[in-house]
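Reviewing the structure listed below.
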Amino acid sequence: MIFLDGSLGHVLIERSKKKSAGTWSAQFLLKDSHLISEIYDEYIEAGSDIITTNTYSTIPSYLSKAGLEGEMLTLIRRAGELAKNSALKYEGKIKIAGSIPPLDESYRPDLVHNLEQSLEVYEVLIKELNPFVDIYLCETISSVEETKNVLESLKRFNSDKPVWLSWSLEDFNSNKLRSGEGIKAAFLEAEQYNPDAYLFNCTDPDSISKGLIELQKLTDKKIGAYPNVFSVPLGWTLDNNIKNQVRDLSKDAFVEYCMEWKKIGASIFGGCCGIGPDFIKPMTEKLRNISN
């Protein structure tokens with residue numbers, strides 16, 4: 001089993017009481033970066049084997065909101081250094097996943113960039129993260145087109161590091177991507193690029209359960225999941241007035257879902273938005289205990 005960390009942006013926002021709009025988690029690379037390191041330590045102490053770079057919003061669509069497009073390389077490198085420094089304290093026991101996010105809003109397949117635009121941004125992100133990361137983690141991928149864009153970018157610009165692909169599914173017990181496309185269609189597109197693992201993230205846990213049942217029939221590769229704690233209405237963006245809806249996901253329920261996913265065949269577990277170290281700790285303890 002492999003244990004990821006959990007939410008970074010949400011935990012940073014909650015603890016700092018800063019605004020979530022605008023540059024989102026990238027704002028902490030400019031100021032208060034010590035909070036990122038502190039949260040990494042908490043995840044590692046909670047049992048995480050992998051920590052994820054704070055690069056989900058170090059991309060033009062976020063940085064442009066504060067006129068920071070010119071700082072993209074600096075912020076990516078800063079994010080990589082922070083993760084690397086945290087991992088080094090644990091003598092090789094901790095790996096680093098380089099976060100490769102959607103290039104506009106999350107959960108919005110209608111805003112996915114074309115391949116040429118995607119290659120331009122992903123090239124910078126992939127190459128700048130390369131000195132710091134052990135794995136590239138493509139997160140919150142919402143459509144077949146976005147699947148192709150990110151994997152084609154990694155095919156061109158990744159040196160030789162493992163690639164994990166994580167899709168986001170529709171909420172409310174669905175086994176379809178946010179685009180409405182099926183998991184099998186996305187899988188068949190992805191398999192042309194031969195990623196090393198498949199996951200679902202930032203998604204309703206019930207949808208994940210349904211998705212994993214389908215996914216485990218399609219592949220013998222590692223599969224896994226890291227859910228969030230809210231659902232998003234149609235048209236949601238980070239900066240508009242549409243409110244997401246927090247679901248009632250307790251720590252105990254999160255652990256039970258992870259145990260269910262293990263029975264289905266998952267071997268990678270973690271958390272996304274709203275899942276902090278206090279969720280990760282009981283999950284890693286429970287799953288490690290039942291495997292011993």
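Please treat every number below as a calculation from the coordinates, not as lab data. In this text, all values refer to a predicted model and were calculated from it rather than measured experimentally. Counting neighbours? That spans all protein chains shown, and the Cβs are built from the backbone with ideal geometry, glycine included.
By counting other Cβ atoms within 10 Å of each Cβ, how are S291, S231 ranked from fewest to most?
Exposure proxy ranking, most exposed first: S291, S231.
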Quiz item: Where does the chain land on Rg/Rh, using Cα atoms and the Kirkwood Rh?
Solution: 0.92
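Using per-residue counts of other Cβ atoms within 10 Å, averaged over each peptide, order 136-142, 248-254 from highest down.
136-142, 248-254
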Quiz item: How do M283, M259, M72 rank when sorted from fewest to most other Cβ atoms within 10 Å of their own Cβ?
Solution: M259, M72, M283
Quiz item: Between region 180-258 and region 12-73, how many Å separate their Cα centres?
Solution: 22
Quiz prompt | Karplus (6.51, -1.76, 1.60) ³J(HN,Hα), θ = phi - 60°, over region 283-289, in Hz, Gly and Pro reported as x | solution = 5, 5, 5, 5, 5, 5, 5
Exercise. Hey, could you grab the Kirkwood Rh for region 54-99? Inverse mean 1/r over distinct alpha carbon pairs, Å, one decimal.
Key: 11.4
Exercise. Under a 10 Å cutoff between Cα atoms, tell me which one of G235, G22, G182 has the largest fluctuation in the Gaussian network model of the chain.
Key: G235
Exercise. Using Cα positions and a limit of under 26 Å, work out the lysines in reach of K243, with same-chain residues fewer than 8 apart set aside.
Key: K17, K18, K19, K65, K176, K210, K251
Quiz item: Cross-link partners among aspartates and glutamates for K217, C-alpha distance below 13 Å, same-chain residues fewer than 8 apart left out?
Solution: none
